[in-house]
Amino acid sequence: MPYKPSRWRRTGLLLLKLGTVGLVLLIALVVYLDIYVRDRFEQHTWSVPARVYGAPLELRAGGELEMNEVLWWLDRMGYRPVPEVSGPGDYRVGVNDIELFTRSYDFWDGAEPARQLHLQFSQERLTRLEDRHGERVTSARLAPPNLGHISPVHAEDRVIERLATMPPTLVAGLVAVEDRRFFQHRGISLVGIGRALEANLRSQRVTQGGSTLTQQLIKNMFLTADQTLWRKGIEAIMAVLLELHVDKETILEAYMNEVFIAQDGRRAVHGFGLAAQHFYGRPLNELSIAQQAMLIGVLRGPTFYSPLRNPERAMARRNVVLDVMHERGVITDDQHRQARQEGLRLNPRSGQGPHAAALDLVRRQLRLWYREEVLNREGLHIHTTIDIYAQDQAQAAMTRQLRDLEQRLNLEPESVQGALVLAERDSGAVRAVVGGRASIPGGFNRALDARRPVGSLLKPALYLAALEQGQHWLMPVDDSPVVVAGRDGSEWRPTNFDLNSNGEVPMWEALSMSYNQAAARSGMELGLGNVLDSIERLGYSRDLPVVPSVILGAVDMSPYDVAQIYQPLTSGGYLSPLTSIVAVTEPGGRVLGQINVRAEQVVDPAAAQSLRSALALTAQAGTGAYAGNTLPRDLRPAGKTGTSDGQRDSWFAGEAGHLLGVAWLGTDDNQSLPITGSTGALRLWTDVMGRVARPSLEPDLLHSSLSWVSWDADRPDRVWLGDCRQYRLAIPTEAANGQVSRRCGDGSDQPGAGDESREEAEDSRWNWLRRWF
């Protein structure tokens with residue numbers, strides 16, 4: 001009879017076989033996970049989006065930089081006011097001086113070292129720049145501000161930090177609070193698991209986790225957040241395997257760059273480096289012990305303990321962390337006491353801030369000038385021309401002016417919108433872009449996309465064509481009613497805004513007072529083709545309708561389009577394409593490309609300067625007089641108002657100091673408003689320019705073919721050759737000599753000179769005022 005094993009023996013053999021198979025599978029799983037962990041960790045690249053930087057603050061003695069603007073920058077860049085400057089990020093303010101220690105930065109065109117500087121001011125202007133030894137410094141640059149990020153793939157963001165450069169108290173405090181046996185265990189801590197299990201049983205809920213820093217890193221880098229036994233088992237195995245191949249310091253550095261700390265809109269803030277900038281606006285190595293403890297405390301619950309959302313709860317958690325750091329010997333008694341007494345001292349910096357519209361422009365120009373595969377690279381540094389001071393001031397002015405306008409005219413709150421573009425008048429470097437009354441990432445960017453009728457903003461292009469055909473500002477034009485017949489038999493009958501006619505007026509008055517009838521008649525006499533050519537030469541690249549009403553601005557343009565047209569008019573006739581990008585570099589510093597814009601002469605310099613003089617007169621005594629009466633004279637404002645049919649759009653475009661600006665106000669649903677260019681957009685434009693424009697350092701020199709002619713407001717019929725009266729214009733010298741008999745400096749320009757009777761002078765003055773108003 002054959003041998004028949006007992007049931008227990010058969011069960012034992014089955015279990016042995018199953019155990020053998022399980023062991024083989026476990027070994028295979030461990031081998032697989034070992035290869036997976038080792039390869040993935042060695043090949044891991046951080047998800048770092050392209051970071052966009054604004055223009056750096058340039059410190060240069062003898063310029064127009066004001067003390068309050070420097071202090072604004074220092075606060076915005078997270079510099080610390082201290083009694084005594086000792087390291088990067090410190091500054092001290094005196095009565096007429098600032099002492100600061102700059103931070104180092106590798107620019108695309110060379111490194112800027114960290115150094116101690118002494119700034120001396122006179123009448124609030126920077127007059128002298130010295131190093132710590134008292135030697136004169138020609139110029140210096142602060143590290144550029146972070147405007148935001150551009151990520152084509154990921155929503156997470158981080159600033160990579162090396163363990164060796166992190167504050168020792170931060171590293172030691174993290175270990176003391178999160179994993180005190182980190183340097184003793186091999187990936188998992190049975191002691192930690194037992195301690196967490198005991199605490200959870202006592203409280204009858206999950207209050208502590210037993211995961212080590214290594215396990216947390218494994219979960220963040222390779223696994224999901226599912227709370228299952230299988231996932232926790234895999235996590236434990238992978239943690240042990242990782243520690244077999246990677247040293248503790250590398251694991252700790254990876255964790256401190258990977259861990260999720262905060263949410264900033266759609267951007268996930270990972271790592272301590274970016275968290276320092278997010279909460280405090282400064283580099284990680286400049287944080288105080290209290291601020292370091294705050295970041296460590298947030299790890300327990302990034303939303304629950306967020307100092308931005310729950311400051312009291314975050315403060316309590318921070319103090320617990322400080323107590324643990326003190327108990328574990330990370331900080332001294334004095335450090336512990338001082339840190340607990342310190343407030344939150346938050347200086348939050350959003351990933352977008354008020355710069356959403358400017359970042360939108362940067363994105364669009366990047367796509368024009370770089371291939372998509374280049375832009376998809378991780379960690380690019382995009383250096384731009386955006387001035388954060390101008391951007392912040394412009395956005396604040398937009399909000400303030402729209403609110404005041406709605407209150408003044410009893411309009412529905414938040415019914416009016418606006419847009420603004422600021423650029424360097426000579427180079428075309430864009431300094432600020434405001435897309436609406438609020439900066440909303442992904443929102444409608446009216447500065448680039450709101451194409452609206454521009455009204456009288458195109459009249460300078462019309463009169464430029466007249467100047468180029470030999471006319472000048474003292475020549476008469478006819479502002480009587482005009483009828484233009486169309487090819488289809490229709491008739492165009494433009495009227496002035498006040499529905500009055502002014503008869504024969506000098507050409508400068510037709511521009512400065514924005515007479516529509518004179519402009520329409522002059523445009524048709526010059527030829528519509530010449531007017532359209534003038535607009536296109538100034539940089540407008542879209543198709544223009546070939547209809548007479550274009551002369552009066554019956555064409556839709558965006559504020560950005562208008563800024564490009566006005567740029568050659570304010571730069572002596574040289575067209576420079578508006579640009580927001582300076583250079584793009586890789587993380588290692590290699591320059592992928594620099595944007596070098598070449599200026600092209602598109603307008604005769606003499607004609608451009610003559611036109612500029614008339615635009616300056618418009619801002620002094622015409623429809624733009626609010627600017628001339630409000631801004632400092634050394635800004636020399638010049639520009640033109642615009643109002644579309646039905647008063648649906650209010651515009652102003654022009655220059656002040658070194659800046660060109662275009663402002664638009666209106667409604668998104670194209671409703672009429674009780675404002676014109678003078679009472680709407682001009683107020684916004686003037687507010688912004690008064691805060692950010694600096695006087696041009698260029699001398700006020702005339703082109704060799706031009707001469708000044710001048711007169712007083714009450715006697716426009718008495719014109720002098722030279723610049724000695726209240727108002728002035730630049731016209732060709734030949735024309736000036738032929739039409740003007742009085743000369744500045746010959747005695748006739750003195751008060752009381754002339755042979756007119758007092759009654760004649762009074763009659764002339766009143767006739768002038770009637771025409772003017």
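The values are calculated or read from the model by the stated rules, or taken from the named source; none is laboratory data. Bear in mind that the values here come from a model prediction, so they are computed numbers and not experimental data. With ideal geometry, Cβ positions are generated from the backbone for all residues, glycine too; neighbour counts draw on all protein chains shown. What goes into the accessible areas is simple: the full protein's heavy atoms, side chains included, and nothing from ligands, DNA or RNA. Shrake-Rupley method; radii C 1.70, N 1.55, O 1.52, S 1.80 Å.
Table for the structure above
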| quantity | calculated |
| --- | --- |
| Qualifying residue in segment 120-142 (condition: in contact with a Pro (Cβ under 9 Å, 6 or more places away or on another chain), in contact (Cβ under 8 Å) with a residue 24 or more places away in the chain and buried (at least 17 other Cβ atoms within 10 Å of the Cβ)) | yes |
| Lone unmet requirement of (1) open to solvent by 20 Å² or more (accessible area, probe 1.4 Å); (2) over 16 Å from Val430 (Cα atoms); (3) outside any loop (DSSP other than H, G, I, E, B) for Gly593 | (1) |
| Odd one out for Leu366, checked against (1) touching a residue at least 60 places away in the same chain (Cβ under 8 Å); (2) touching a Lys or Arg at 6+ places or on another chain (Cβ under 9 Å) | (2) |
| Some residue of segment 652-660 being open to solvent by less than 40 Å² (accessible area, probe 1.4 Å), in a helix (DSSP H, G or I) and not polar (S, T, N, Q) | no |
| For Trp230: the one exception among (1) under 30 Å from Ala356 (Cβ atoms); (2) of a type in the set (Phe, Trp, Tyr); (3) at pLDDT below 90 | (1) |
| Residue that is aliphatic (A, V, I, L, M), in contact with a Lys or Arg (Cβ under 9 Å, 6 or more places away or on another chain) and either on the phi > 0 side of the Ramachandran plot or at pLDDT 95 or above (or both), where the choices are Val454, Val505, Val484 | Val505 |
| Of all residues in segment 315-330 being within 20 Å of Leu299 (Cα to Cα) and outside any helix (DSSP H, G or I), the one that is most open to solvent (accessible area, probe 1.4 Å) | Arg328 |
| Sole exception among (1) at pLDDT 95 or above; (2) hydrophobic (A, V, I, L, M, F, W, C); (3) out of contact with any Pro (no Cβ under 7 Å at 6 or more places or on another chain) for Trp46, by number | (1) |
| Matching residues, segment 466-510, being touching a residue at least 12 places away in the same chain (Cβ under 8 Å) and of a type in the set (S, T, N, Q) | Gln469, Gln471, Ser480, Thr495, Asn496, Ser501, Asn502 |
| Those residues of segment 385-405 which are among the β-branched types (Val, Ile, Thr) and either touching a Leu at 6+ places or on another chain (Cβ under 7 Å) or part of a helix (DSSP H, G or I) (or both), in sequence order | Ile386, Ile388, Thr399 |
| Residue check, Arg400 touching a helix residue (DSSP H, G or I) at 6+ places or on another chain (Cβ under 6 Å) and within 26 Å of Ala681 (Cα to Cα) | no |
| Any hit, segment 348-356, residues being open to solvent by less than 60 Å² (accessible area, probe 1.4 Å), among the hydrophobic types (A, V, I, L, M, F, W, C) and at negative phi | yes |
| Residues that are small (Gly, Ala, Ser), farther than 14 Å from Lys640 by Cβ, open to solvent by 10 Å² or more (accessible area, probe 1.4 Å) and not in a helix (DSSP H, G or I), drawn from segment 513-565 | Gly527, Gly539, Ser541, Ala554 |
| Hits in segment 673-715 - residues which are in contact with an Asp or Glu (Cβ under 6 Å, 6 or more places away or on another chain), under 30 Å from Ile388 (Cβ atoms) and surrounded by 16 or more Cβ atoms within 10 Å (Cβ to Cβ) | Arg694 |
| Residue within segment 750-759 that is at pLDDT 85 or above, of a type in the set (A, V, I, L, M, F, W, C) and in contact with a Gly (Cβ under 9 Å, 6 or more places away or on another chain) present | no |
| Residue within segment 334-343 that is more than 28 Å from Ala438 (Cα to Cα) and in a loop (DSSP other than H, G, I, E, B) present | yes |
| So Arg364, is it modelled with pLDDT of 90 or more, open to solvent by 60 Å² or more (accessible area, probe 1.4 Å) and either assigned to a helix (DSSP H, G or I) or under 28 Å from Val48 (Cβ atoms) (or both) | yes |
| Yes/no for Gly573 being under 30 Å from Ala55 (Cα atoms) and free of Cβ contacts under 8 Å to residues at least 40 places away in the same chain | yes |
| Residue count for segment 661-688, restricted to those that are assigned to a loop (DSSP other than H, G, I, E, B) and not β-branched (Val, Ile, Thr) | 10 |
| Qualifying residue in segment 457-472 (condition: of a type in the set (Phe, Trp, Tyr) and at pLDDT below 95) | no |
